[in-house]
Amino acid sequence: RPSATAATASVWADWPSTDTWRRQESVGLILDGPHTSATRSEDRKKVTKEIEEENAGAVFDDSEEEEEDKRAEEGTGKAKGDGKSSSKSEKAPSIIVDICRSSLQPQDSKPRVTEEELGKDDLKESRVGDSEVERGEGPGVEGDAHQASKSEEVKAEVDEEGKEAESAVKEFIIEASPPPLAPFDHRIVTPKPHQITSYYTINRDEVLGGGRFGQVHKCLENSSGLVLAAKIIKARSQKEKDVVRNEVQVMNQLNHANLIQLYAAYESRYDIILVMEYVEGGELFDRIIDENYNLTELDTVLFIRQICEGLQYMHKMYILHLDLKPENILCVSRATNKIKIIDFGLARRYKPREKLRVNFGTPEFLAPEVINYEFVSFPTDMWSLGVITYMLLSGLSPFLGDDDNETLNNILACQWNFEEVEFTDISDEAKEFITLLLVKSKSWRMSATESLRHPWLSDRSLHYRLNQKKNKCHSTHVPSP
Ligand code: PIT
């Protein structure tokens, strides 16, 4: 695990080393997450045009399974980010520093994300705009103790440089480091036929979550005192047990800070219990509906970027989540914007030539191909990401009808818009981001890698503007779950 010092040091090591350069430029910092440059605008125009045609009722071609496989692997595809918002970058802080190690980096020896995808090159190109820099406020910039010390370290360095530079130095800091890793190393878990109660104390009164599967309780490993979460899944038949074993298999392959980690599994006659990493922040869904929580567009950027990073990793591991929704995104704590994706109960390995069809899920979040009982693939998760983004920004569900039938019809007609008043203050970049995900034909949706490169998630001068605007997302209009 990188310490704050190591993370900071590695950034400085990547920087141009001349003192002159630093003296001239070190007057302010944006501490930001992974960055990748926006791709060419001609491509974007082309895609936008094609998407418009599609949404206008063109015939969809979904016969591109093999190409999708390649796209998932390479993180490239037809939909490209543009430089649209970069052109609006006039009022940006003088230096943008990325001190944060990206959680894009898987922590195991399985296929790895390349340096190019980590946006390493961007560090070298991070000079923009004039010298006015703002100190960020609110949940988007608060960090935990570890993060605070990291920021201070950089700040100290800036202060030193700043003495020689301009007198009034203000800062704009976005705390965008990955969430803390699980307090245990990644493990390959095999369900044990033992009584879980011999090893763990499950707090039956403390229900962390529930759903289709059963309930999640806070629990304690007696031998170590480790606090964990136990998900009790009723599984009587062999078939039901196989479904849970699949979930264990999937979680065994996933080692990423944005994906909840599996610690152990216990199998008995009537149920299987999964013991997992414990996080205490509650569901992201609750933040959407909490009137007291001031959710800004910049907060949403930070949430969506982490979901994208988790998804990018899953897709590189050839695994589809297939049940992404705000209820399956957990906040690590109340004070920060760190999240972890949960519930791999419907997740599965994507096999290029396997004609995988699924017919499950919550209607509001189902992709058209799922409803149509067609092949599902990596873009199926990207559709759900589009729905989540829409919901976080507006508090509204884009396809929700008066009943399930109407909802399903809205999805199949790809009928959604930004007409509601909730979108008035939302940036064009955010709208474009959603538009490039909520595309009926799955082969035209942005991939996770492309999403991370989209200006809404990657343009630091846009984030600076969003921070200045501090526009609140409308959090009071969400329908009850
Ligand atoms: C926590 C805290 C919490 C809920 C959970 C974990 C739930 C995790 C979970 C994971 C799964 C799944 C369902 C729920 O299928 O409030 O640490 O893989």
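Semi-axis lengths, largest first, of the ellipsoid equivalent to segment 205-341 are 26, 18, 14 Å, with √(5λ) applied to each eigenvalue of the Cα gyration tensor. Debye-formula intensities of segment 280-348, expressed as log10 I(q)/I(0) at q = 0.18, 0.20, 0.24, 0.28 Å⁻¹, are -0.67, -0.81, -1.08, -1.33 (one equal scatterer per alpha-carbon, no solvent). For segment 315-458, the convex hull spanned by the alpha carbon atoms encloses 125 Å³ per residue. Each of W416, W456 has some number of other Cβ atoms within 10 Å of its Cβ, and from fewest to most they run W416, W456. Of the residues E240, E206, E267, E175, the one with the fewest other Cβ atoms within 10 Å heads the list, and the complete ranking is E206, E240, E267, E175.
Only the coordinates and a few stated rules stand behind these numbers; no lab work does. Remember, it's a predicted structure, so these values are computed and weren't measured experimentally. So basically every Cβ, Gly included, is an ideal-geometry build from the backbone, and we count neighbours across all protein chains shown.
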